[in-house]
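Shown next, in structure tokens, is the structure this report addresses.
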Amino acid sequence: MERPNFHTYVSQSYLFTFIRRRLIIILLVLGVIIVIAAPLIYYFRVSSSASSRQTNPGDKIVAKVGQENIYQADLDHYAVALPGLNPADKKNYFLPTLVSQSIILQGGAADGLIKLDSSVFNSPTKDYAKREQLVNETRQKVTAESEGPKGTVVAIWFDLQASPSAKLSYSQRQKTALEKIAASHQAVLNKTMTIDQAADNIRKDSSMAALDPHYKINASFTFAPAPAQAITTYPEFDKILDNLKANQVSDIFPAPKIVNSKETSSIAGYMFGEVTNFVDSSKVISFDDWFAQKKAIYKETTP
């Protein structure tokens, strides 16, 4: 058998070492290139994306109303109904509508009638159906304001419908009801609690179930009647509330039991009310007047 040549082993070993070193160098160079190139690629992509967004025709601001920008996309949305309009005509046709919408929305939000977010306000991508719904809602709430008292009535009933588990007599239930509502009434008069807190305390009082199984529902209600509309089923109590001024509290009213739509001599419960606001006719405002006031606040400007 022929013996291996020592010089052949050396040559092969040197060759392998040489190749391995070259591969390591190549990999290191590639790694450096990747480390340097990755941030550059990311930068160019972000720049390209930002540039694309900036050049989107729909993002162009065509007007500003108060705190809201009106975009080309807004004009384009409404212009779908009239294809073929040039940019100037789009603006002439639809910008007044968009400006009016913006004034109504900002005025409604400022008065606490509605809430705004980017889905309907100050964005080139709006939910136009929702936006128009909020405009209509604001119109309705502005025109719903009418002359008359607005407030809350607190009530404790003890002879509407006796609880099946109640073992108290009529006189016992009446005495308990009067004591409880008298305490609430005095606290509201003394301003140690609001009328809403008084109603909440009644709802939290589980012993009330012995007087009225529906006491949580019947504990209170708010009122803001339209003209000539009754507040309660008791004209005498309604008259008392009508004559109260803002922040005044009525006396406790003994509510007669009603049978066949007629009041009886028997007492069914006790009530008192507070007028939290009273709108007189001189303060009732038409929508046109309201809009004129808001238009003076939220003015249109060009970019």
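Side notes on the structure shown:
- ASP59 modelled with pLDDT under 90 and acidic (Asp, Glu): yes
- Highlighted here are the helices (runs of 4 or more DSSP H) found entirely within the range 171-264 that include at least 1 residues which are among the hydroxyl-bearing types (Ser, Thr, Tyr) and buried (at least 16 other Cβ atoms within 10 Å of the Cβ): 215-218.
- Some residue of the range 108-124 being of a type in the set (D, E, K, R) and over 21 Å from the mean Cα position of the chain (by Cα): no
- Checking GLU147 against (1) over 22 Å from ILE258 (Cβ atoms); (2) touching a helix residue (DSSP H, G or I) at 6+ places or on another chain (Cβ under 8 Å); (3) modelled with pLDDT of 90 or more, the condition it does not meet: (3)
The values are calculated or read from the model by the stated rules, or taken from the named source; none is laboratory data. None of these values were measured; they are calculated from a predicted model. Virtual Cβ from ideal backbone geometry, glycine too; neighbours counted across all protein chains shown.
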